[in-house]
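Colleague: Take this structure, written in structure tokens, and hold onto it; I'll ask about it next.
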Amino acid sequence: MFHLSGGRLCLDFANTVSWRASDRPIERLESYADLLAWSRQAGVVTAGEARTLASAGRRRPAEARRVLGQAIGLREAIYRAFTRIAEGPGPTPADLAALNAGLAEALARRRVMGRGRRFSFGWTTPEAGLDRMLGPVMQSVAELLVGEELSHLRTCASPTCGWVFLDTTRNRSRRWCDMRVCGNRAKVRRHYRRRGARRGAPRGQAPSPR
């Protein structure tokens, strides 16, 4: 299972490396099957599409490896760009060029689909195109970059996390990627520090609150 706490599809994709800022980051997309599992959980593909893509990937393993490498390359450009935006300097020209290249390829497959008098956006890809999930991800990148929510972009306050997320709280006070994960870890650390300080304080002297 993946943690989908970024607030936007592209941020959830960027966060598919756990504990990025630690000395032991964990890669969650180690195979094309992992990429499909994330896509299914994030709602990018349906269960039927995931089965079709998995079957095609087994038949075309070299292409599946290529798509996985392409996905990881885009993910890293997305992560670097949004991290730099959250922290101030903005994306490098190289990362912005990589995102534009991915976006151009993705939007070439964007179509208006009609069903009677109703219309919606959809995606056209070659049958069982193994990179089916990258189009919606890149569209999410573009929408976030040009939208009004970009100023709400944050990085997790945990020194070992590094995940990016949108702070949609009313007072813009969210500090953690997920309160149940990094927020809870911080609470536990504070608890043990306070307990250790109380034990180490001289008799009759209150421990320092900091």
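The values are calculated or read from the model by the stated rules, or taken from the named source; none is laboratory data. Predicted model, so just to flag it, every value in this text is computed and none were measured. Counting neighbours? That spans all protein chains shown, and the Cβs are built from the backbone with ideal geometry, glycine included. Surface areas here come from the heavy atoms of the whole protein model, side chains and all, with no ligands, DNA or RNA. Shrake-Rupley method; radii C 1.70, N 1.55, O 1.52, S 1.80 Å.
Colleague: Over the chain, consider all pairs of different Cα atoms and compute the Kirkwood hydrodynamic radius from their mean reciprocal separation; express it in Å, one decimal. Kindly include the intermediate steps, with their values, before the conclusion.
Modeller: Numbers: mean 1/r = 0.0520 Å⁻¹.
Its Kirkwood hydrodynamic radius stands at 19.2 Å.
Colleague: Taking the Cα-to-Cβ direction at Ser55 and at Arg180 and moving 7 Å from each Cα, how far apart do the two end points lie in nm?
Modeller: 3.4
Colleague: Separate question: Using Cβ-Cβ distances only, list the Cys residues of the chain with no partner cysteine under 4.7 Å, sorted by number.
Modeller: Here Cys10, Cys182 come out as lacking a disulfide-compatible partner, given the Cβ-Cβ threshold of under 4.7 Å.
Colleague: Projected area of the stretch 1-120, taken from the Cα convex hull and averaged over every viewing direction, in nm²?
Modeller: Taking the Cα atoms of the stretch 1-120, their convex hull projects to 9.7 nm² on average.
Colleague: How much of the accessible area of the chain, in percent, comes from carbon and sulfur atoms when a 1.4 Å probe is used?
Modeller: Values: 6500 of 12570 Å².
Roughly 52 percent of what the probe reaches on the chain is carbon or sulfur.
Colleague: Also, I was wondering about something else. Round to the nearest 0.05 the FRET efficiency obtained for Ala21 and Ser151 when R0 = 25 Å and r is the Cβ-Cβ distance. Don't jump to the answer; show the numbers that get you there.
Modeller: Numbers: r = 22 Å, r/R0 = 0.90.
For Ala21 and Ser151, the calculated efficiency is 0.65.
Colleague: Project the alpha carbons of the stretch 83-158 onto their principal axes and report the range along each, largest first, in whole Å.
Modeller: 47, 26, 24
Colleague: Summing Lys, Arg as +1 and Asp, Glu as -1, what charge do residues with Cβ under 15 Å from the Cβ of Leu4 carry, Leu4 excluded?
Modeller: It works out to a net charge of +2.
Colleague: Projecting each Cα onto the charge dipole of the chain (Lys/Arg +1, Asp/Glu -1 at the beta carbon, about the Cα centre), which of Asn100, Gly116, Leu74 comes out farthest on the positive side?
Modeller: Value computed over the given set: Leu74.
Colleague: Here's another thing I want to ask about it. Please quote Rg/Rh for the stretch 92-136 to two decimal places, taking the Kirkwood radius as Rh and restricting both calculations to Cα atoms. Let's see the in-between values first.
Modeller: Values: Rg = 13.4 Å, Rh = 12.0 Å.
Checking Rg against Rh, the ratio lands at 1.11.
Colleague: Related question: When only alpha-carbon atoms count, how far does the stretch 21-79 stretch along each of its three principal axes, as whole angstroms with the largest first?
Modeller: Projected onto the principal axes, the Cα atoms of the stretch 21-79 cover 37, 25, 19 Å.
Colleague: Could you order peptides 138-146, 167-175 by the average number of other Cβ atoms within 10 Å of their residues, highest first? Don't skip to the end; give the middle numbers.
Modeller: Working: 138-146: 18.4, 167-175: 10.8.
With the highest mean Cβ count within 10 Å placed first, the list reads 138-146, 167-175.
Colleague: Tell me the net charge near Asp95. Cut-off is 10 Å between Cβ atoms, Asp95 excluded, with +1 for each Lys or Arg and -1 for each Asp or Glu. Present the calculation step by step, with values, prior to reporting the outcome.
Modeller: On the way: positive: Arg80, Arg84; negative: Glu76.
With Lys, Arg at +1 and Asp, Glu at -1, the neighbours total +1.
Colleague: For the chain, what does -39500 (n - 2.57) per DSSP helix run (n ≥ 4), summed and divided by total residues, give at 222 nm, in deg cm²/dmol to the nearest 500? Present the calculation step by step, with values, prior to reporting the outcome.
Modeller: Details: 7 runs with 101 residues, N = 210.
Mean residue ellipticity at 222 nm (helix-derived): -15500 deg cm²/dmol.
Colleague: Still on this structure, I have one more. How many nm separate the modelled label positions at Arg111 and Arg170, each set 7 Å beyond the Cα in the direction of the Cβ?
Modeller: Simple spin-label model gives 4.6 nm for this pair.
Colleague: Can I ask one more? Taking the Cα centre of the stretch 18-158 as origin and charging only Cβ (+1 Lys, Arg; -1 Asp, Glu), how large is the dipole, in debye to the nearest 20?
Modeller: 620
Colleague: May I pose another question? Under 8 Å for C-alpha pairs, at least 6 residues apart: give me the relative contact order for the chain, rounded to a whole percent.
Modeller: It rounds to 23 percent for the chain.
Colleague: Enter the accessible area per residue of the stretch 14-144 (Å², integer; probe 1.4 Å; all protein chains in place).
Modeller: Values: 7030 Å² over 131 residues.
About 54 Å² of surface per residue is accessible.
Colleague: If a paramagnetic tag sat 7 Å from the Cα of Ala142 along the Cα-Cβ line, which residues of the stretch 78-110 would have the backbone N under 13 Å from that point?
Modeller: Answer for this model: 99-110.
Colleague: Which order do peptides 9-22, 52-65, 108-121 fall in by mean Cβ count within 10 Å, highest first? Don't skip to the end; give the middle numbers.
Modeller: Numbers: 9-22: 21.3, 52-65: 15.1, 108-121: 9.5.
Descending packing order for the listed peptides: 9-22, 52-65, 108-121.
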